[in-house]
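Engineer: Just passing along the structure, written as structure tokens.
The values are calculated or read from the model by the stated rules, or taken from the named source; none is laboratory data. Here the structure is a predicted model, which means the values were calculated and not measured. Cβ sites come from the backbone with ideal geometry, for glycine too, and all protein chains shown count toward neighbours.
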Ligand code: MN
Ligand code: MN
Ligand code: MN
């Protein structure tokens with residue numbers, strides 16, 4: 001079976017509706033898909049319905065933003081119970097935090113003489129929570145900057161006039177939320193935090209010590225050498241391995257649904273854990289095990 005355990009819909013910063021996402025997953029021959037929008041589960045029910053239509057197994061998921069020292073790190077919750085009161089409270093808290101941050105960004109932009117940014121960014125966000133990419137789109141639309149990158153360089157990036165520092169909840173807090181919702185906590189894309197190898201290993205060890213169970217060993221297209229090295233680290237710490245495309249937008253072949261190298265044979269796949277397994281068909285050999 002082909003697994004893709006990390007992707008986004010338009011309920012966060014993805015481009016497709018859950019319906020279109022599942023149709024695309026089908027076209028890419030994905031058998032098991034986890035929807036993991038940033039800090040929200042708003043798209044999961046729609047995705048579950050679309051998945052039934054296409055004969056795909058849908059794993060309810062989320063990608064939480066969290067804090068590890070000075071770094072923001074992403075933790076995937078796979079196989080979460082979307083009716084869990086703890087999870088709903090956590091999602092609410094993240095939404096309030098994002099909303100406050102958006103309001104502060106808009107205030108700072110107003111001080112730069114740019115009015116109406118919150119409503120403008122909200123229009124781009126649609127169903128999703130307002131974030132910096134939506135402010136960037138607004139600034140481009142208004143002709144304040146020439147393109148998306150310039151919006152970050154001039155206004156929204158670190159140290160720029162509309163930069164708002166925000167501390168996400170601690171990694172251990174997020175892991176706790178995921179566990180309370182019956183999910184498995186997966187450290188997302190450890191290669192994407194610009195850490196040295198030593199620091200990356202320290203992050204993975206802290207993650208494991210905080211109760212984390214798995215690491216996203218394969219994220220989109222990455223080198224075989226990276227995969228091999230990371231696999232050794234995971235096996236040394238007794239952590240399971242996950243894989244996902246981190247798909248957001250059509251037309252980016254390096255981040256396409258189902259497009260990634262398979263997990264190496266010597267790792268423990270995250271889908272053997274009961275939190276994920278309970279969404280999959282019974283193993284054909286189950287009766288003989
Ligand atoms: Mn994203
Ligand atoms: Mn991420
Ligand atoms: Mn992601």
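Engineer: Could you pull out every one of the helices (runs of 4 or more DSSP H) wholly within the range 91-186 that has 1 or more residues that are under 20 Å from residue 8 (Cβ atoms) and out of contact with any strand residue (DSSP E or B) (no Cβ under 9 Å at 6 or more places or on another chain)? Lay out the reasoning, then the answer.
Structural biologist: Working: elements: 117-125, 132-141, 148-151, 171-180.
Answer list for the range 91-186: 117-125, 132-141, 148-151.
Engineer: Of the numbered conditions (1) within 23 Å of residue 253 (Cα to Cα); (2) surrounded by fewer than 16 Cβ atoms within 10 Å (Cβ to Cβ); (3) more than 16 Å from ligand 1 (Cβ to nearest atom); (4) touching a residue at least 60 places away in the same chain (Cβ under 8 Å), residue 24 fails exactly one; give the number of that condition.
Structural biologist: Single failed check for residue 24: (2).
Engineer: Go through the range 42-85 and give me each residue that's under 16 Å from residue 175 (Cα atoms) and within 16 Å of ligand 1 (Cβ to nearest atom).
Structural biologist: Correct list: 61, 62, 63, 64, 65, 66, 72, 73, 74, 75, 76, 77.
Engineer: Another question, if that's okay. Would you be able to say whether some residue in the range 212-222 is out of contact with any strand residue (DSSP E or B) (no Cβ under 8 Å at 6 or more places or on another chain) and modelled with pLDDT of 95 or more?
Structural biologist: no
Engineer: Right, here's the next one. Can you name the residue in the range 1-21 that is assigned to a helix (DSSP H, G or I) and crowded, with 23+ Cβ neighbours inside 10 Å and, of all such residues, is farthest from ligand 3 (Cβ to nearest atom)? Outline the logic, then answer.
Structural biologist: So in the range 1-21, the residues assigned to a helix (DSSP H, G or I) come out as 18-21.
This time we only want the ones that are crowded, with 23+ Cβ neighbours inside 10 Å, so: 18, 21.
Working: 18: 15, 21: 13 Å.
So, considering only residues that are assigned to a helix (DSSP H, G or I) and crowded, with 23+ Cβ neighbours inside 10 Å, the one farthest from ligand 3 (Cβ to nearest atom) is 18.
Engineer: Going through 77, 72 one at a time, which residue ends up being surrounded by fewer than 22 Cβ atoms within 10 Å (Cβ to Cβ), within 16 Å of ligand 3 (Cβ to nearest atom), within 22 Å of the chain's Cα centre (by Cα) and in a strand (DSSP E or B)?
Structural biologist: On inspection, the qualifying residue turns out to be 72.
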